[in-house]
Amino acid sequence: MRNLKFVLTGSEVGVLYGFLALEDRESPLYGRARDEIVIERFGKEESIEFLETGFAEAGVSVPRGIVEKVVDALDGIPGWLALYGYEVVSKGEVVDAAAILERAVEITLTELRRVARQSEL
């Protein structure tokens, strides 16, 4: 199939590389063209700008004080900031940052358990 592309994401990059086995000559993906985009943690101002820009584009108004509290709670991690923005936009109301932080912890623990299971094999 021509022009077929896959986008793979993950916060545990080592696990992603291990799964893909890009350096293994026996892997079907060995030698295939790929692009990598690494997104580092945002600083405080960049995090605020990220959320405020997204909210403005979606036509949602969130007070600056709430955005700052969310940024402090989620510590500039782009995935969690994006999750918060998605929740606010999809629900059409301000969401408690603590709920997103709790969800982030659950997701992270699930990922870590998965990594631990793989290393036991």
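Read the figures in this text as sums done on the coordinates, not as results from a lab. Please read all numbers here as calculations on a predicted model, not as lab measurements. Cβ: placed from backbone, ideal geometry, glycine included. Neighbour counts: every protein chain shown.
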For segment 37-44, take each phi angle, set θ = phi - 60°, evaluate the Karplus expression 6.51 cos²θ - 1.76 cosθ + 1.60, and give the result in whole Hz per residue in order, putting x for glycine and proline.
-> 10, 9, 10, 7, 4, 7, x, 4
Quick one: among GLY43, GLY18, GLY79, which has the greatest mean-square fluctuation in a GNM of the chain with alpha-carbon springs under 10 angstrom?
-> GLY18
Among PRO63, PRO78, PRO28, determine the one that fluctuates most according to a GNM of the chain built with springs between C-alpha atoms less than 10 Å apart.
-> PRO28
Hull shadow area, averaged, segment 1-71 [alpha-carbon convex hull, nm²] = 7.4
Working from Cα positions, state the angle (0 to 90°, nearest 10) between the long axis of helix 97-120 and the longest principal axis of the chain.
-> 10
If one builds a Gaussian network model of the chain from Cα atoms under 10 Å apart, the most fluctuating residue listed among ASP24, ASP96, ASP72 is ASP24
Taking the Cα centre of segment 44-120 as origin, sum charge times position over the Cβ atoms of Lys and Arg (+1) and Asp and Glu (-1), and report the length of that vector in debye to the nearest 20.
-> 280
Could you give me the ³J(HN,Hα) list for segment 25-33, computed from phi with Karplus coefficients 6.51, -1.76, 1.60 and θ = phi - 60°, whole Hz, x at Gly and Pro?
-> 4, 8, 6, x, 9, 4, x, 6, 5
³J(HN,Hα) across segment 79-88 via Karplus (A = 6.51, B = -1.76, C = 1.60, θ = phi - 60°), whole Hz, x for Gly/Pro?
-> x, 6, 5, 5, 4, 4, x, 4, 4, 5
Measure nothing fancy, just the Cα-based angle from helix 64-74's long axis to the longest principal axis of the chain, in degrees from 0 to 90, nearest 10.
-> 30
Binning at 10 Å from 0, report for the chain what percent of all alpha-carbon pair distances ends up in each bin.
-> 11, 34, 28, 20, 7, 0
